[in-house]
């Protein structure tokens, strides 16, 4: 089997798939009775990436594998294909997700301690049902609280291959809305701090959090230029959206 045909097969598989395809899955397209060179798939992926230079789509690698995504410069026009109402993510939800992403594994109690408010159960439930977070263990302290961490689906959705591709916390300091409840600067010493108020709750956001269980996509952008939801998400949340068949 020659390399041009291998490249065409890889391209067709990526376009037909609704989810990213790993190297193992791509190599599995070729039967054992028709072996291909060990680096044939890698060569095909590189060729397909280069072929996208002047096209409206890009071939990118995320946590779960490779996929086509719509480029940022054409995204505003392509986004008109999806007219569903975008789900609004509250600040409480975004702060909770950010803490889990940057300080994982982390317990719910630790999130509440950092934010200074009680975490609404609907927030954790919605993030779990969207498969953005999961329980990875339990803290070895009284009560054995659950440890929360992000998933590959979270990385895929925001167009990331690894957690170290997340923007540095120094950039998040520039987001004014996060500063009141996410103090990344050193805390004021207790001896001079004002008396703490009674913890607030996120109960007022409960109705909005419940909407997150729906399949609609987030409209919160990622700092990664190729950060996009998978193609089965109707509403783009970032600068790009994955290729729609």
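Comparison of 142, 167 shows that the only residue that is at pLDDT below 90 and assigned to a loop (DSSP other than H, G, I, E, B) is 167. Of all residues in segment 78-109, count the ones that are part of a helix (DSSP H, G or I), in contact (Cβ under 8 Å) with a residue 24 or more places away in the chain and in contact with a helix residue (DSSP H, G or I) (Cβ under 9 Å, 6 or more places away or on another chain). Here the count works out to 13. Determine whether residue 125 is in contact with a strand residue (DSSP E or B) (Cβ under 6 Å, 6 or more places away or on another chain), modelled with pLDDT of 90 or more and more than 21 Å from residue 64 (Cβ to Cβ). Considered against the rule, which asks whether it is in contact with a strand residue (DSSP E or B) (Cβ under 6 Å, 6 or more places away or on another chain), modelled with pLDDT of 90 or more and more than 21 Å from residue 64 (Cβ to Cβ), residue 125 comes out as no.
Do the conditions hold for residue 41, that is, is it surrounded by 18 or more Cβ atoms within 10 Å (Cβ to Cβ) and either outside the structural domain of residue 152 (by TED's automatic domain parsing) or closer than 28 Å to residue 131 by Cα (or both)? Yes; evaluated as a whole, the condition is true for this residue. Per the listing 81, 32, 97, the residue uniquely at pLDDT below 95 and farther than 30 Å from residue 132 by Cβ is 32. Out of everything in segment 136-165 that is touching a strand residue (DSSP E or B) at 6+ places or on another chain (Cβ under 7 Å) and free of Cβ contacts under 8 Å to residues at least 12 places away in the same chain, what residue ends up being surrounded by the fewest Cβ atoms within 10 Å (Cβ to Cβ)? Result: 144. Among the residues of segment 51-77, write down those that are modelled with pLDDT of 90 or more and in a helix (DSSP H, G or I). Answer for segment 51-77, where residues must be modelled with pLDDT of 90 or more and in a helix (DSSP H, G or I): 51, 77.
The values are calculated or read from the model by the stated rules, or taken from the named source; none is laboratory data. Quick caveat, the model's predicted, so the values are computed rather than measured. All Cβ positions, even for glycine, are placed from backbone atoms using ideal geometry, and neighbour counts span all protein chains on display.
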